[in-house]
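Derivation of every value follows stated rules applied to the coordinates shown; laboratory data play no part. The structure displayed is predicted, hence computed values, not measured ones. When we count neighbours, we look across all protein chains shown, and the Cβ atoms used for this are built from the backbone with ideal geometry, even at glycine.
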Amino acid sequence: MKTSIKFRIGKSTGFKILVIVLACSCVLPLMAILLFIIKEGITKINWNFLTNIPKPVGEIGGGIANALVGSFIIVGFATLIAVPIGVLCGIYLSENAKSKLAYWSSLALDILQGVPSIVIGIVAYFWLVKPFGGFSAISGSIALAIMMLPVIVRNTEETLKMLPDTLREAALALGMPFHRVILKVIVPCGLSGIISGVILAVARVAGETAPLLFTAFGNPYLSVLPGKPMQSLPLVIFNYATSPYNEWHDLAWGASLILLASVLLLNIITKISTRKWKVQL
Amino acid sequence: MSNTISPNVITRSNDSLRVITSLQVPTVEKDKLSYKRSQRHIRTERMFRNTLVIMGILMVLLVLAILVTLCVQSVPSIKSLGLSYLWGRTWDPVQDIYGAYPFLIGTLITSFLALIISIPFSFAVAIFLGEYYPKGWFANFIKNTVELIAAVPSVIYGFWGLAVMVPAVREIEMQLGYQPLGVGIFSASLILSIMIIPYAASLGRSMVQMVPSNLKEGAYSLGATKWEVIRSVIFPYTKSGLFAGILLSLGRALGETMAVTMVIGNTSLLPKNIFAPGNTMASVIANEFTEADKPVYLSALIELGLVLFLVTVVINVVGKKVISRFTK
């Protein structure tokens, strides 16, 4: 059985071309989405759009100020909750990598990372919405915080594990107690990695809609009370995109552009910063 | 404190070793301040270690609590509907008939169709970045772009799909002679297939890069072409890793909610073909959870959530196990 060398080389080249074409075509959807959303959204964004709340159907104008403020508050609270827990847990996992608890804990994190966001929404509903008798922004924050945890913990753990052991040993040899070694030496050294993990987590949850459907719920008016329903950008997009009114579609396009731009910006910031600090994530 | 030591301490001066009796032991004055400080340090250290352990336990508790909550809340539906719930073909909350079969089928079809569409692309990216062009600005561009696909919020995919993809699919349906709805299982699969490309691609890339170069060089030296090396060296070596990548993509596709909800059409009927509208488990929860007025109805939805949770747990744990075995 002899296949000619030309045939084999041809087959190899053909495969190479196929791979290149397929790989390059993966860029197309993202470009298409970006261009389309910029094209639709850029004309809708103006000062009124950013500072007004939505008007009833039929009236021209109106904006998404309530969603911007709401998104900011909900994600801000979620970050405040998730960062201390996530960073401490990451420190635990990197310091006690071999312990039994670390094994179970990191298994739990793997599971948590894969849990569909809608399930987190259901759970948050039963933990925080039903017992306290109503949809609230804070329940949305906690749902998002649960989703942020795996990203923050994993990034912290990986960053701290990469620091040389000599650093830790040198600090301990100077007689520093363990907590000061961690907080004054190890964490500052890995700070860039930890921060980029936090930014990545923020970017991940900023666009999450499903957990907010049953928790923050949405609110057509401007609200800053954490105990009341609150609007957020993803909810605005979902509600207005599925509505039949063109005015609302316009609002949703503008909101999409703002959301997409901020999420991609956060991602690009982490990419650039990690490259600068040579921390491989 | 060494100043206070009397001459009859053990010293080695002049090669003589003197022994002191217990009565002559010098009294050491405790430095109260530093003693207190070190005591405080020990206390804080213990507290800090305990906090870390608590955080570790918290993660495990969190997952268990999610599981327990879902189980407890779905008890009413398990009790009144039993196992036949999962095989029931009609879902009609008004008549109190709950059957999850249409949603199970909808979820499976959309996920697997999306996987089939996305696998060639994600493997191509993996091979492209892992083998053909591991370095260079163009490779970097492709790599970053593919990773950014995962960053785009799913609600934006849904909106884009609704505005761009659904009309396109409607055209196709008209050509093929199906009912031209646009929304349906096929649109949902297309959107999903874009969304899950990065998961298998980035995992596959790192797997392909991990193939030892002496294996590849051996094959090249025997006269193999690039394609033959990929087929008979790289592919067998990375098989389990690629499998894990597919599993993780599948886990992602099963649980994806918003984009699917927006383009799948949301009917509780059993889909007749892949262009028909349908519902997935996640989308039916998203649509009907806040409207569920009866306890059994709500609980039936939560049972779907429980099924979804268990399936994704299994998929993710198996996937991670395969990856960790591969990297070791």
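In what sequence do A:103, B:157 fall when counting other Cβ within 10 Å, fewest first?
A:103, B:157
If I build a Gaussian network model for chain A, linking alpha-carbon pairs within less than 10 angstrom, which residue out of A:253, A:104, A:127 has the largest mean-square fluctuation?
A:104
At a Cα cut-off below 19 Å, give the lysines reachable from residue A:228, other chains included and same-chain residues fewer than 8 away excluded.
In chain and number order, the partners are A:130.
Among B:278, B:305, B:88, which one shows the highest mean-square fluctuation when chain B is modelled as a Gaussian network with alpha-carbon springs under 10 Å?
Of the options given, B:88 has the highest mean-square fluctuation.
Counting only C-alpha contacts under 8 Å and six or more residues apart, can you give the relative contact order of the range B:248-291 as a whole percent?
Dividing the mean separation by the residue count of the range B:248-291 yields 40 percent.
Once you keep just the Cα pairs under 8 angstrom separated by 6 or more residues, what percentage relative contact order results for the range B:84-327?
28
Which whole-number percent gives the relative contact order of chain A, counting Cα pairs below 8 Å spaced six or more residues apart?
For chain A, the relative contact order is 26 percent.
Against the globular-protein guess of 2.2 N^0.38 Å, express the Cα radius of gyration of the range B:174-232 as a ratio, rounded to two decimals.
With N residues counted in the range B:174-232, Rg over 2.2 N^0.38 Å equals 1.95.
Classify chain B from the C-alpha gyration tensor, please: rounded if a/c falls under 1.5, else prolate or oblate depending on whether a/b exceeds b/c.
oblate
For chain A, what are the DSSP H helices with axial Cα length of 20 Å or more and mean Kyte-Doolittle hydropathy of at least 0.0?
Correct list, ordered by number: A:5-25, A:27-41, A:65-95, A:100-114, A:137-162, A:191-206, A:246-277.
As an exercise, use a Förster radius of 30 Å and the Cβ-Cβ distance of residue B:40 and residue B:64 to find the FRET efficiency, rounded to the nearest 0.05.
Taking R0 as 30 Å, the efficiency between residue B:40 and residue B:64 is 0.25.
By how many degrees, between 0 and 90 and to the nearest 10, does the Cα long axis of helix B:185-209 differ from the longest principal axis of chain B?
It is inclined by approximately 40 degrees.
Which trypsin sites (Lys or Arg not before Pro) does the range A:209-281 hold that lie in a coil by DSSP with at most 15 other beta carbons within 10 Å?
Sites meeting the loop and neighbour criteria: A:278.
Name the residue, out of B:129, B:203, B:148, whose mean-square fluctuation peaks in a Gaussian network model built on chain B with Cα pairs under 10 Å.
So, out of B:129, B:203, B:148, the one fluctuating most is B:148.
Using Cβ contacts closer than 10 Å as the measure, can you line up A:60, A:152, B:119 from fewest to most?
Least crowded to most crowded, the residues run A:60, B:119, A:152.
Kindly express, to the nearest 10 degrees and within the range 0 to 90, the angle between helix B:32-81's C-alpha long axis and the longest C-alpha principal axis of chain B.
The helix B:32-81 is inclined about 20 degrees to chain B.
Please sort by residue number the trypsin sites (Lys or Arg not before Pro) in the range B:53-158 whose DSSP state is loop and whose Cβ has at most 16 other Cβ atoms within 10 Å.
Sparse-neighbourhood loop trypsin sites (Lys or Arg not before Pro): B:89, B:135.
Working from Cα positions, state the angle (0 to 90°, nearest 10) between the long axis of helix B:101-127 and the longest principal axis of chain B.
In chain B, helix B:101-127 runs at an angle near 70 degrees to the longest axis.
Only counting other Cβ atoms within 10 Å, I'd like B:210, A:31, B:258, B:55 sorted with the fewest neighbours first.
Exposure proxy ranking, most exposed first: A:31, B:210, B:55, B:258.
Under 29 Å between alpha carbons: how many lysine pairs meet that in chain B, if sequence neighbours fewer than 8 apart on the same chain are excluded?
24
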